[in-house]
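Everything on this sheet refers to the single structure shown next.
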Amino acid sequence: MAARKKSVQKNGFKINEYVVYPSHGVGKILEIETQEVAGISLELFVLEFEQDKMILRVPTAKAESVGMRKLAEEDIVKKAYTTLKGKARIKRTMWSRRAQEYEAKINSGDLISIAEVVRDLYRCDTQPEQSYSERQLFEAALGRLAREVAAIEKLDEAGAVQKITAVLSKAAQANRDKSLDSDSSSDSEEAAA
């Protein structure tokens, strides 16, 4: 298995560009290489996932079918922030089923779906403690979201996490205030009646 000639760009992806590989998150294209494997010449994207200390080789012909994509556009990032500000939607199904759905959303590579998981699993200080598996899924989703936001907005990952958690806590406070307002307005309606 010997490396051959190297390209600079293929299928719209270029060397040193950050991309999203659905099951691993944000990675950087280190090179595009051609390797001979079992007598067949294969052109490969060499992706580095710094967070996981992992190198992945993806055949250029399979990049689209496996869901590899460029970083999200600005309007998608805005939709993700809007999603984070929304009210958590927690289905009344068994945790194992919800956990599978959350895992599928995280591994979809879709920024909006990942933001939904972060929003749904976020717990502020006034809420009950999360279970270990909830915490694991929350941290996985937050990490994926933060790495893409960091790459897009030229931040470090810690800065992106701070920005995301600030949006979440502000939204949680606003949702608490809304529910308190509706509770007090219903109380005053009952008193008036």
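The values are calculated or read from the model by the stated rules, or taken from the named source; none is laboratory data. Bear in mind that the values here come from a model prediction, so they are computed numbers and not experimental data. A quick note on method: Cβ atoms are made from the backbone with ideal geometry, for glycine too, and the neighbour counts reach across all protein chains shown.
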Q: Evaluate the following for Glu48: is it out of contact with any Leu (no Cβ under 6 Å at 6 or more places or on another chain) and either touching a residue at least 40 places away in the same chain (Cβ under 8 Å) or outside the structural domain of Ala166 (by TED's automatic domain parsing) (or both)?
A: no
Q: Mind listing whichever residues of the range 47-73 are assigned to a strand (DSSP E or B) and within 25 Å of Glu153 (Cβ to Cβ)?
A: Leu47, Glu48, Phe49, Met54, Leu56, Arg69, Lys70
**Q.** First in the range 54-73 and assigned by TED's automatic domain parsing to the domain that holds Gly25 and of a type in the set (S, T, N, Q), second anywhere and part of a strand (DSSP E or B) and surrounded by 12 or more Cβ atoms within 10 Å (Cβ to Cβ), Cβ under 7 Å, 6 or more apart
**A.** Thr60/Lys10; Thr60/Ile32; Thr60/Glu43; Thr60/Leu44; Thr60/Phe45
**Q.** Yes/no for Phe49 being in contact with a Ser or Thr (Cβ under 7 Å, 6 or more places away or on another chain) and surrounded by 11 or more Cβ atoms within 10 Å (Cβ to Cβ)
**A.** no
Q) Do the conditions hold for Tyr102, that is, is it aromatic (Phe, Trp, Tyr), under 16 Å from Gly25 (Cα atoms), part of a helix (DSSP H, G or I) and modelled with pLDDT of 90 or more? A) yes
**Q.** Tally, over the range 75-110, of residues that are of a type outside the set (Phe, Trp, Tyr) and under 15 Å from the mean Cα position of the chain (by Cα)
**A.** 17
Q. Which of the residues spanning the range 23-46 are outside any strand (DSSP E or B) and not polar (S, T, N, Q)?
A. His24, Ala38, Gly39
